[in-house]
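A.B. asks: First the structure, then my questions, so here it is.
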Amino acid sequence: MNVLEEAKKLFQNCDELPREAVILNPEVRDMCESNTCGQYGRNWACPPALAPLDEIKEKFDKFSNFIMLSQIYELEDSMDFEGMTEGIKDFQERLVKLNKELKGSGTPYLILGAGGCSLCAKCTYPEQPCRRPDDMIISLEAYGIEVIKVMKDNGLKYNNGPNTMTYMGGVLY
Ligand code: SF4
């Protein structure tokens, strides 16, 4: 299965980047503790529930290719939180669809998302195990990836103008 072709069916922008562009920075992981998104300690896909970065690096090192995925959403204005919420929901649904397409393809891959996992109305963390560990998608930031820097360093647009929100994800394979 051609991962890039599958990704292109679901995302506006699919950019193949050098694998070395994916750098795990402990400072980015540490930023999760400030809990600006409200998911820290509330989601199996967010710290502190995640493996340490050295374990994650070992996992990442098994892959040789990386595609940055992004999707632009129109907002009514800069305070359109409903539009932002709908956008992230749509983006995460696209990632789940890509996961479904790639599953069973025989190609080892790992999808990297945006934000905490929102597959369930309420995450079971920490009382019960994750309901869908095979579908759960961990965000680029929770993996310690400085997304804006990766985009900038590789000439990709992360700001697509006023009243838009761009969500980013990725796939290693
Ligand atoms: S699948 Fe459900 S239980 Fe698992 S991390 Fe996502 S929201 Fe939480």
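A.B. asks: Test of understanding: extend the Cα→C-beta vector of Asn25 to 7 Å, then name every residue of the range 123-148 with backbone N under 13 Å from that spot.
C.D. replies: Within reach of a label on Asn25: 141-148.
A.B. asks: Let me ask something additional. What does the range 84-151 give for Rg and for Dmax, in Å, if only its C-alpha atoms count?
C.D. replies: Final numbers for Rg and Dmax: 13.0, 37 Å.
A.B. asks: Once you put a point 7 Å from the Cα of Asn159 and another 7 Å from the Cα of Met1, both along the Cβ direction, what distance in nm separates them?
C.D. replies: Reported label-point gap for Asn159 and Met1 is 3.7 nm.
A.B. asks: Could you derive backbone 3J(HN,Hα) for the range 109-116 from the dihedral phi with the Karplus parameters 6.51, -1.76 and 1.60 (θ = phi - 60°), listing whole Hz in sequence and x where the residue is Gly or Pro?
C.D. replies: Running phi through 6.51 cos²θ - 1.76 cosθ + 1.60 with θ = phi - 60° gives 7, 8, 8, 10, x, 10, x, x Hz.
A.B. asks: What percent antiparallel are the DSSP beta bridges of the chain, to the nearest 5? Each step should come with its number before you reach the end.
C.D. replies: Numbers: 17 of 19 bridges.
The antiparallel fraction comes to roughly 90 percent.
A.B. asks: May I pose another question? Along the range 64-73, what does the Karplus equation 6.51 cos²θ - 1.76 cosθ + 1.60 (θ = phi - 60°) give for ³J(HN,Hα), rounded to whole Hz, x for Gly and Pro?
C.D. replies: Rounded to whole hertz, the list is 10, 10, 9, 10, 8, 10, 8, 9, 9, 10.
A.B. asks: Further, regarding this structure: Would you mind checking which residues have amide H under 5 Å from Asn25's amide H? H placed 1.01 Å from N; only 5 or more apart, or other chain.
C.D. replies: Ile145, Glu146
A.B. asks: In whole Hz, what ³J(HN,Hα) sequence does the range 153-158 give by Karplus (6.51, -1.76, 1.60; θ = phi - 60°), x for Gly and Pro?
C.D. replies: Computed from phi, the couplings for the range 153-158 are 4, 10, x, 9, 8, 10 Hz.
A.B. asks: Let me ask you something else. Could you sort the peptides 44-50, 159-165 by per-residue average Cβ neighbour count (10 Å cutoff), highest mean leading?
C.D. replies: Order by mean packing, descending: 44-50, 159-165.
A.B. asks: Moving on to the next point. Counting Lys and Arg as +1 and Asp and Glu as -1, each charge on the Cβ, what is the dipole of the chain about the Cα centre in debye, to the nearest 20? Kindly include the intermediate steps, with their values, before the conclusion.
C.D. replies: On the way: 19 positive and 27 negative charges, 100 e Å.
Charge dipole, the chain, about its Cα centre: 480 debye, nearest 20.
A.B. asks: Test of understanding: what is the full-extension gain from Glu58 to Glu86, defined as 0.36 nm times their sequence separation minus their Cα-Cα distance?
C.D. replies: Values: separation 28, 0.36 × 28 = 10.08 nm, distance 3.42 nm.
Taking Glu58 through Glu86 to full extension adds about 6.7 nm, to one decimal.
A.B. asks: Which value, in nm² and rounded to one decimal, describes the direction-averaged projected area of the C-alpha convex hull of the range 15-172? List each step's numbers first, then the result.
C.D. replies: On the way: hull surface 37.9 nm².
Averaged projected area of the range 15-172's Cα convex hull equals 9.5 nm².
Where a number appears in this text, it was derived from the coordinates with a stated rule and is not lab data. Remember, it's a predicted structure, so these values are computed and weren't measured experimentally. Neighbour counts run over all protein chains shown; Cβ positions are idealised from the backbone, glycine included.
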